[in-house]
Amino acid sequence: MSQATEKAHDGSCLEAGTLERNNVILEKEEISPTIFHFLFKTPEIAKQAKAGQFVVVRVDEQGERVPLTIADFDREKGTLTLIAQVVGASTLKMSKLNVGDTVADIVGPLGRESHIEKFGTVVCVGGGVGVAPVFPIARELFKAGNRVLSIIGARSKDLLIWEDKMKEVSTELFVTTDDGTYGRHGFVTDQLKDIIESEKVDLVLAIGPVVMMRAVTNLTKQYNLKTIVSLNSIMIDGTGMCGGCRIGYGEGGTKFVCVDGPEFDAHQVDFKSLMDRQATYTGDEKSAYEGEKEKFAELENLKELRKKKTPMPEQPADIRRRNFEEVPYGYTEMMAYRESLRCLQCKNKPCVEGCPVNIDIPTFISQIAKKDYLGAVQTIKKTNALPAVCGRVCPQESQCESLCVLGKKNEPVAIGRLERFVADYEAAMGKVTIPEIPAATGFKIAVVGAGPAGLTVAADMRMLGHEVHVFEALHKSGGVLVYGIPEFRLPKSIVEREVDYLRKLGVHVHESYVVGKTRTVQQMFSDDGFHAMFIASGAGLPMFMNIPGENLNGVYSANEFLTRANLMKAYRFPEYDTPIKVGKKVAIIGGGNVAMDSARVALRLGADEVHLVYRRSMDELPARAEEVHHAKEEGIIFDLLQAPVKIDGDEKGWVKSMEVLKMELGEPDASGRRRPVPVKGSNYSIDVDVVVVAIGTSPNPLLLSTLPELKLSKWGTIEADEETGQTSMKGVYAGGDIVTGAATVISAMGAGKKAAAAMNEYLKTLK
């Protein structure tokens, strides 16, 4: 979970004599952009520290006195562990300190220690940074012979702390996240209720945000279950002098957190008065925080910041290679903000030129920098109805990011990651804005195919006031987004969310409807009253190598392999009825994105070895750099400069091996890549039991065979004007893979935008 760690246990990173100073930072770890772990040298405090106590920290002469519960201590080493969350000016300054720096003051240990005895079964609940102070208490309870059931929770996985440490001191550990990114989807109280109702609990201890502790308290009151909370109220001195930390307690009573606590009987705490007091200086603290943040922003070396993209947190390779969960977790708010600061805000906007759908990239990034995330997503949706999809699967490195001015000397701005962030933020907030649709024009538009091109045309035409009907042959809309791209790259819930947005715009989506068979194009114009049509049926007919053995059992086209796994959810067989041949040693033929998807799916289905067999070198590999990187991390074996020449089977007709010919690179061919040349006599055989052919696709003739008047190219694609999508048939336009052959999602969307504009102009001539 850690993103950055600094250590100086032996003093090697510190100047001479540092270890003799108190209040010095020996170790700093960034748990998340707003949560930091510090190891301080505080010998005197460490000697006396006990579980449940706190210290008061003053960062510098101008800083507040900030109470922080002791997360851990080592009496022998004289160290104190503190977890600080950035919530104000002082904690922001603290987060900027590094190993070897000191704080002005650390006072303590303060407060009463936790009462430890053998209670029986104790549930320890930690929320957010409250997990840290729970740890030493849970440890002591565990040592005392209690059965310790621990629940830790956070808003999302990236904010979850100390899971491993809590496991060490717990009989059983439960994890919850508000957004469901890890562990149980829900609140700590959901898990607590299940435990209380399933077994006898003797004590509950809860530490975390006040709203969480109040919720725990309200729950345990229903069961008359003894509950302890540790409070962190407003303090000035922390020694009992000022009374600023007072809380309402019992029937009209008052307690002082610093000397009477910090632990109290939860059922006696007046949480309302506590929350009211905590809000006393909210406005002032926010103002101070913003002012301090501006100072740091000015002081930070933007030149350094701009050198590299903000890393995207993701599943570890050894875990993700056996699951279908999304690999990158996405940016947190702080990560997105940090990345947005890298943008140079170029006046000529070269990045926009590289975007096939012409998103106003600098504007939406500037809105992120201003924390206007909903405004940013609305800027994107002016030209792109599928931001969550594009943020995940578009090859930004060869499009918008390739033209980023910052990228000339440094890494370009992570435009795709920022697009994904704002799209996901909008969904998480439940604040999807539906723009006002113009008055109905009276025109009726048919879109054949609910892939990226078709969905783009549908959105654009609907935004112009036309009645739009989308016809999809499969039972799920999305085209290649649902049948081709795996769940770990593009969760299908994301696609459903984007399609649902179109439905909310008023687009009519008809699934399991085969245009050309269920209804002919001619009938749709003559009988159904359509005024124009956009054909985006894709290029889904697989190509094969035409080598011996391709019809053996265990040989798949990539389309079949991925459709089974993705659309039909064969990876969840037998929960879902569609099976798939997994194989122990799998060969994937090809080097594009589809090949890479197939290889990574095969691995997740349980293959022991997955070989990607490609006839050129790594430099010519057409797949996205990010996907290649992920595949290597996951253990995909790249057999480069090799080409299959024959597939051999066993007596039952199943694949058992594949004969391969080594290649070398000659002169560049029409694609600009060096042509592979066979090395004579280099044939050899490899044992495989599944082969997936991923060398490309061609247009499906199902619809085209019903349109003899439609002019096709020699490759079987529809001939259409590059700028307008106009075909040889009046009122019929086309775009995406059915015109270009297999290409990228975003290029198909770009073609859709051009066609929508041209169709609208055509409709004006019909008035």
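The values are calculated or read from the model by the stated rules, or taken from the named source; none is laboratory data. All of these numbers come straight from a predicted model, not from anything done at the bench. Reconstructed Cβ throughout: ideal geometry from the backbone, glycine too, with neighbour counts over all protein chains shown.
Taken together, K581, K517, K585 contain a single residue that is touching an Asp or Glu at 6+ places or on another chain (Cβ under 7 Å) and on the phi < 0 side of the Ramachandran plot, which is K585. Within this structure, L710 passes the test of being over 38 Å from the mean Cα position of the chain (by Cα) and modelled with pLDDT of 90 or more.
In segment 347-374, the residues that are farther than 21 Å from V393 by Cβ form Cβ pairs under 7 Å with partners that are among the basic types (K, R), at six or more places apart or across chains, as follows: P362/K349; L374/K431.
Has segment 705-716 got any residue that is within 19 Å of S747 (Cβ to Cβ) and touching a residue at least 24 places away in the same chain (Cβ under 8 Å)? Checked segment 705-716: at least one residue is within 19 Å of S747 (Cβ to Cβ) and touching a residue at least 24 places away in the same chain (Cβ under 8 Å).
Evaluate the following for N146: is it in the same structural domain as H267 (by TED's automatic domain parsing), surrounded by fewer than 16 Cβ atoms within 10 Å (Cβ to Cβ) and either of a type outside the set (F, W, Y) or touching a helix residue (DSSP H, G or I) at 6+ places or on another chain (Cβ under 6 Å) (or both)? The answer is no for N146. Check whether at least one residue in segment 446-465 is under 25 Å from D527 (Cα atoms), among the polar types (S, T, N, Q) and either assigned to a strand (DSSP E or B) or in contact (Cβ under 8 Å) with a residue 60 or more places away in the chain (or both), and report yes or no. Checked against the condition, which is being under 25 Å from D527 (Cα atoms), among the polar types (S, T, N, Q) and either assigned to a strand (DSSP E or B) or in contact (Cβ under 8 Å) with a residue 60 or more places away in the chain (or both), segment 446-465 yields no hits at all. Regarding segment 408-425, can at least one residue be identified that is surrounded by fewer than 16 Cβ atoms within 10 Å (Cβ to Cβ), touching a residue at least 24 places away in the same chain (Cβ under 8 Å), in the same structural domain as L344 (by TED's automatic domain parsing) and part of a helix (DSSP H, G or I)? No, segment 408-425 has no match at all. Restricting the search to helices (runs of 4 or more DSSP H) fully inside segment 685-767 and requiring at least 1 residues that are surrounded by fewer than 17 Cβ atoms within 10 Å (Cβ to Cβ) and of a type outside the set (D, E) gives 701-704, 745-764. The set of residues in segment 144-181 that are of a type in the set (D, E, K, R) and farther than 18 Å from T81 by Cβ comprises R147, R155, K157, D158, E172, D178, D179. Look at (1) among the aliphatic types (A, V, I, L, M); (2) modelled with pLDDT of 95 or more; (3) under 23 Å from S398 (Cβ atoms); (4) assigned to a strand (DSSP E or B) and you find that A599 fails only one, number (4).
Confirm whether R624 is among the basic types (K, R) and without any contact (Cβ under 8 Å) to a residue 24 or more places away in the chain. Answer is no for this residue. Residues in segment 388-419 that are under 16 Å from P452 (Cβ atoms) and touching a Phe, Trp or Tyr at 6+ places or on another chain (Cβ under 9 Å): G391, E419. For A532, indicate whether it is in contact (Cβ under 8 Å) with a residue 60 or more places away in the chain, in the same structural domain as V691 (by TED's automatic domain parsing) and buried (at least 21 other Cβ atoms within 10 Å of the Cβ). Considered against the rule, which asks whether it is in contact (Cβ under 8 Å) with a residue 60 or more places away in the chain, in the same structural domain as V691 (by TED's automatic domain parsing) and buried (at least 21 other Cβ atoms within 10 Å of the Cβ), A532 comes out as no.
Checked against the criterion of being surrounded by fewer than 24 Cβ atoms within 10 Å (Cβ to Cβ) and more than 29 Å from E314 (Cβ to Cβ), the candidates M429, M463 yield just one match: M463. Screening the candidates T254, T177 for the property of being hydroxyl-bearing (S, T, Y) and farther than 25 Å from V66 by Cα yields one hit, T177.
Would it be correct to say that T91 is buried (at least 19 other Cβ atoms within 10 Å of the Cβ), polar (S, T, N, Q) and either out of contact with any strand residue (DSSP E or B) (no Cβ under 8 Å at 6 or more places or on another chain) or touching a residue at least 24 places away in the same chain (Cβ under 8 Å) (or both)?
Taking the combined requirement at face value, the residue satisfies it.
I'm trying to understand the selection: among the residues of segment 662-672, which are part of a loop (DSSP other than H, G, I, E, B) and in contact with a Lys or Arg (Cβ under 6 Å, 6 or more places away or on another chain)?
Selection gives D669 alone.
Inside segment 466-482, residues that are within 14 Å of T563 (Cα to Cα), assigned to a loop (DSSP other than H, G, I, E, B) and not basic (K, R) make up a count of 6. Answer yes or no: is there a residue in segment 338-358 that is buried (at least 18 other Cβ atoms within 10 Å of the Cβ), of a type in the set (S, T, N, Q), under 30 Å from S598 (Cα atoms) and in contact with a helix residue (DSSP H, G or I) (Cβ under 7 Å, 6 or more places away or on another chain). The answer is no, given that none of the residues of segment 338-358 is buried (at least 18 other Cβ atoms within 10 Å of the Cβ), of a type in the set (S, T, N, Q), under 30 Å from S598 (Cα atoms) and in contact with a helix residue (DSSP H, G or I) (Cβ under 7 Å, 6 or more places away or on another chain). Looking across segment 483-508, the residues that are charged (D, E, K, R) and either in a helix (DSSP H, G or I) or in the same structural domain as A558 (by TED's automatic domain parsing) (or both) come down to K492, E496, R497, E498, D500, R503, K504. Look at E659 and say whether it is surrounded by fewer than 19 Cβ atoms within 10 Å (Cβ to Cβ) and within 19 Å of F544 (Cα to Cα). Considered against the rule, which asks whether it is surrounded by fewer than 19 Cβ atoms within 10 Å (Cβ to Cβ) and within 19 Å of F544 (Cα to Cα), E659 comes out as yes.
Just one of (1) at pLDDT 95 or above; (2) touching a Pro at 6+ places or on another chain (Cβ under 8 Å); (3) not aliphatic (A, V, I, L, M) fails for T363. It is (2).
The number of residues in segment 740-767 that are within 26 Å of A388 (Cβ to Cβ) and basic (K, R) comes to 2. Here's a check for you: in segment 464-485, which residue that is modelled with pLDDT under 95 and in contact with a Lys or Arg (Cβ under 9 Å, 6 or more places away or on another chain) is farthest from A427 (Cα to Cα)? Among residues in segment 464-485 that are modelled with pLDDT under 95 and in contact with a Lys or Arg (Cβ under 9 Å, 6 or more places away or on another chain), the one farthest from A427 (Cα to Cα) is A473.
Summed over segment 260-317, the residues that are part of a loop (DSSP other than H, G, I, E, B) and modelled with pLDDT under 80 give a count of 6. The criterion of being under 19 Å from N546 (Cβ atoms), assigned by TED's automatic domain parsing to the domain that holds L552 and touching a residue at least 40 places away in the same chain (Cβ under 8 Å) does not hold for G635. Taking each residue of segment 103-121 that is within 24 Å of A46 (Cβ to Cβ) and in contact (Cβ under 8 Å) with a residue 24 or more places away in the chain and looking for partners that are of a type in the set (S, T, N, Q) and surrounded by 20 or more Cβ atoms within 10 Å (Cβ to Cβ) with beta-carbon atoms closer than 6 Å, six or more apart or interchain, yields I106/T42; P109/Q53; G111/Q53; E113/Q53.
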